[in-house]
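Working notes, beginning with the structure itself.
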Amino acid sequence: MRKIRLAAVFVVALVALSTGTCLAQEVLKIGVLAKDGPVKALKMWKATADFLTAGIEGMTFEIVPLAFEEVYPTIQAGKVDLFLVNSSMFITTKINYGATAIATMVNSRKGQRLDAFGGVIFTTADNSEINTLQDLKGKTFMAVDKTSFGGWQMALKEMVDAGIDPGRDLAKLEFGGKHENVVLAVQNGTVQAGTVRTDTLERMAGDGLVEMDEFKIINKQSHTDFPFVCSTVLYPEWPLAKTQHTSDDVAAQVVEALKKMKPEDQAAKDAKVAGWVAALDYAPVEELQKTLKIDAYAQREEKENAQ
């Protein structure tokens, strides 16, 4: 009888192996731009990884926080399967590494669903020398990072459109690494003006770190149904993208699972999102890179000039 049972177990094991139904889970790594540091990135996004793991059979998802300078090397080396980065960094990965956007996050802010964001250029409220973009000439300025979309590139586009060359016209250009660092540097007078992504000032004010009336918004723009101070046009929110080696089938399962996320789910609460939608059109972001000749288009121009 014992031999019969052992034989039965052996047969079941063979069937499981032959049909691919063994218990091994496929581990998929999601790279996340940790614009405010790895600890905060994990706190925000681990529940999303758990949500996907629970919702997709046979797959386990892990979050890999990435500093600005780690994003491109990590994707190029194929160390992650999916990734969540700012919209401009996605364009660079699309052009250079064949990445594909599969979904767009929908932020939840002030009770509204927002699938677009902008940049805000600001100085202190008592700075009478800076009232327009032209007044930035000869002044010290801080942005987040050269590859930060809302925290630099959007503002750069507004400056260039206004005939300002930051490298030539600003007294000094610095990068603070985090959005909060830029706000505090302007607040304490380390620099005369700065730029961060929209909602940063309001969020910091809500946390009691600053007061909104401490700041003056430069090049202020109004957008219908957009609740934050803003100095630029709006662009589509961050995309979740797949690397070239990740299959379309896996991507489709991920998108299907994300579309089921509800605002009351823990994953949505931790990430401060209302949910996800199919990937939006990122052509406006690519046009910005073309116009400014930055990132992928700076590299392309360098290659053409070298030929």
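Only Cα pairs under 8 Å and at least 6 apart count here; give the relative contact order of segment 46-185 as a rounded whole percent. Spell out each step's value before the answer.
Details: 125 pairs, mean separation 26.0, N = 140.
Worked out over segment 46-185, it gives 19 percent.
Positive-end ranking of VAL210, TRP152, GLY167 along the dipole of segment 148-257, with charges on Cβ about the Cα centre, is headed by GLY167.
Oblate is the label for segment 129-199. Its Cα gyration tensor axes, ordered a ≥ b ≥ c, give a/c of at least 1.5 and b/c at or above a/b.
The average projected area of the chain, computed from the convex hull of its Cα atoms over all directions, is 20.0 nm². GNM on the chain, alpha-carbon springs under 10 angstrom: the most fluctuating residue among LEU292, LEU156, LEU258 is LEU292. The dipole here belongs to the chain: it is taken about the Cα centre, uses +1 on the Cβ of Lys and Arg and -1 on the Cβ of Asp and Glu, and is about 1000 debye. Using a Gaussian network model of the chain in which every pair of alpha carbons under 10 angstrom is joined by a spring, one finds that among VAL210, VAL64, VAL183 the greatest mean-square fluctuation is at VAL210. Candidates GLN187, PHE228, ALA103 compared by Cα position along the dipole of the chain: farthest toward the positive end lies ALA103, with charges placed on Cβ.
Return the distance in nm (one decimal) between the two label points of a simple spin-label model at MET212 and GLU70, each offset 7 Å from Cα along Cα→Cβ. Spacing of the two 7 Å Cα→Cβ label points: 3.5 nm.
Full extension from VAL277 to ALA298: what is 0.36 nm times the residue separation minus their Cα-Cα distance, to one decimal in nm?
Here the segment from VAL277 to ALA298 would lengthen by 4.5 nm.
Using a Gaussian network model on the chain with a 10 Å cutoff between Cα atoms, which of GLY275, GLY176, GLY58 fluctuates the most? Evaluated over the chain, the most mobile residue of the options is GLY58. Remark: the chain carries 48 Å² of accessible area per residue (probe radius 1.4 Å; ligands, DNA and RNA excluded). Here the calculated FRET efficiency for ALA252 and ALA171, from their Cβ-Cβ distance with R0 = 51 Å, stands at 0.50, rounded to the nearest 0.05. Here the relative contact order of segment 114-242, from alpha carbon pairs under 8 Å that lie six or more residues apart, stands at 39 percent.
For segment 175-274, the extents of the C-alpha atoms along the principal axes are 51, 31, 26 Å, listed from largest to smallest.
Normalised by the number of residues in the chain, the mean separation of alpha-carbon contacts (under 8 Å, six or more apart) gives a relative contact order of 25 percent. Once you reduce segment 150-190 and segment 270-290 to the center of their Cα atoms, the two points are 23 Å from each other.
For the pair ASP126 and GLN25 in one chain, pulling the backbone fully straight at 0.36 nm per residue adds 30.6 nm over the alpha carbon distance.
The values are calculated or read from the model by the stated rules, or taken from the named source; none is laboratory data. Small disclaimer: the values here were computed from a predicted structure and weren't measured. All Cβ positions, even for glycine, are placed from backbone atoms using ideal geometry, and neighbour counts span all protein chains on display. Just the protein is used for accessible areas: all its heavy atoms, side chains included, with ligands, DNA and RNA removed. Shrake-Rupley method; radii C 1.70, N 1.55, O 1.52, S 1.80 Å.
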